[in-house]
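Participant: Attaching a single structure in structure tokens format; questions to follow.
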Amino acid sequence: MSDCLFCKIVAGDIPSAKVYEDELCYAFRDINPQAPTHVLVVPREHIASCADVTGDNAALVAHIFTVIPKIAAQEGLTGGWRVVSNVGADAGQTVPHLHFHILGGERLSDRMS
Ligand code: AMP
Ligand code: ZN
């Protein structure tokens, strides 16, 4: 999608602080971190949100979930971490390209909302 911020980041048209990449996904540091470690993992392919995960792209999402623990280990999150994916307005999704937040590096809030 030509007007999608994260598609532009994946394409390298907008700079980002790369954490990990492979042929299917790209991970970079959130520009406005909510924890000492705050990484976003996105599929290279444009998928709008978790609401658009189907049987056709579920393998890609499963792949991302094998990458997430590798990134957590790479970031030294030995005490634990949180994975979040916001969907739609009520969840405050601001970028309509599927992304998983990895948060850690401190004791996270007991509340998730
Ligand atoms: P969400 O609100 O779940 O859609 O998450 C979008 C995230 O993208 C927010 O945490 C933003 O801080 C982050 N973000 C927005 N623009 C950039 C950017 N250019 N580079 C890195 N992260 C960004
Ligand atoms: Zn996109």
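FYI, it's all coordinate maths here, none of it is from the lab. Keep in mind the model is a prediction, meaning the values are calculated, not measured. For neighbour counting, all protein chains shown are included, and Cβ atoms are generated from backbone atoms with ideal geometry for every residue, glycine included.
Participant: Around Val41, what is the net charge, scoring Lys/Arg as +1 and Asp/Glu as -1 over all other residues with Cβ under 15 Å from its Cβ?
Facilitator: Its environment carries a net charge of -1.
Participant: Let me ask something else about it. Suppose every Lys and Arg Cβ carries +1 and every Asp and Glu Cβ carries -1, with no other charges. What dipole size does region 1-102 come out with about its Cα centre, to the nearest 20 debye?
Facilitator: Taking the Cα centre of region 1-102 as origin, the dipole is about 320 debye.
Participant: What does the helix-only formula give at 222 nm for the chain: each DSSP H stretch with n ≥ 4 adding -39500 (n - 2.57), the total divided by the residues, and the result rounded to the nearest 500 deg cm²/dmol?
Facilitator: Helices in the chain give a 222 nm mean residue ellipticity of -6500 deg cm²/dmol.
Participant: Placing +1 on the Cβ of each Lys and Arg and -1 on the Cβ of each Asp and Glu in the chain, which of Ile102, Gly12, Leu60 has its Cα farthest towards the positive end of the resulting dipole?
Facilitator: Projecting each Cα onto the dipole axis, the largest value belongs to Ile102.
Participant: Let me ask something additional. Counting only Cα atoms, I'd like the Rg/Rh figure for the chain, Kirkwood definition for Rh.
Facilitator: That ratio is 0.94, to two decimals.
Participant: Could you give the length gained by full extension between Ala51 and Arg107, i.e. 0.36 nm per residue of separation minus their alpha carbon distance, to one decimal place?
Facilitator: 17.2 nm
Participant: Which one of Gly80, Ile47, Ala27 has its Cα pushed farthest toward the positive end of the charge dipole of the chain, where Lys and Arg give +1 and Asp and Glu give -1 at the Cβ?
Facilitator: The one lying farthest along the dipole's positive direction is Gly80.
Participant: Summing +1 for each Lys or Arg and -1 for each Asp or Glu, what net charge is found among the other residues whose Cβ lies under 13 Å from the Cβ of Met1?
Facilitator: -2
Participant: Per residue of region 11-18, what does 6.51 cos²θ - 1.76 cosθ + 1.60 with θ = phi - 60° give for ³J(HN,Hα)? Whole Hz please, x for Gly and Pro, Karplus curve as stated.
Facilitator: Going residue by residue, I get 6, x, 6, 10, x, 8, 8, 5 Hz, with x marking Gly and Pro.
Participant: If you line up the long axis of helix 58-74 against the longest principal axis of the chain, both from Cα atoms, how many degrees apart are they, to the nearest 10?
Facilitator: 30 degrees
Participant: Label region 21-63 by shape, choosing from rounded, prolate and oblate, from the square roots a ≥ b ≥ c of the eigenvalues of the Cα gyration tensor; if a/c is under 1.5 it is rounded, and otherwise prolate applies when a/b is larger than b/c, oblate when it is not.
Facilitator: Note, shape of region 21-63 comes out prolate.
Participant: Go through the chain and flag any cysteine with no other cysteine's C-beta closer than 4.7 Å, please.
Facilitator: Cys25, Cys50
Participant: What list of ³J(HN,Hα) values in whole Hz, one per residue of region 96-113 in order, does the Karplus curve 6.51 cos²θ - 1.76 cosθ + 1.60 (θ = phi - 60°) give from phi, with Gly and Pro shown as x?
Facilitator: Once θ is set to phi - 60°, the couplings for region 96-113 become x, 9, 2, 8, 10, 7, 10, 10, x, x, 7, 5, 7, 4, 5, 8, 10, 9 Hz.
Participant: Something else now. Read phi for every residue in region 35-45 and hand back ³J(HN,Hα) as whole Hz from Karplus 6.51 cos²θ - 1.76 cosθ + 1.60, θ = phi - 60°, with x for Gly and Pro.
Facilitator: 7, x, 10, 9, 10, 10, 10, 10, x, 4, 6
Participant: In whole Å, what are the extents of region 1-45 along the principal axes defined by its C-alpha atoms, from largest to smallest?
Facilitator: 30, 21, 13
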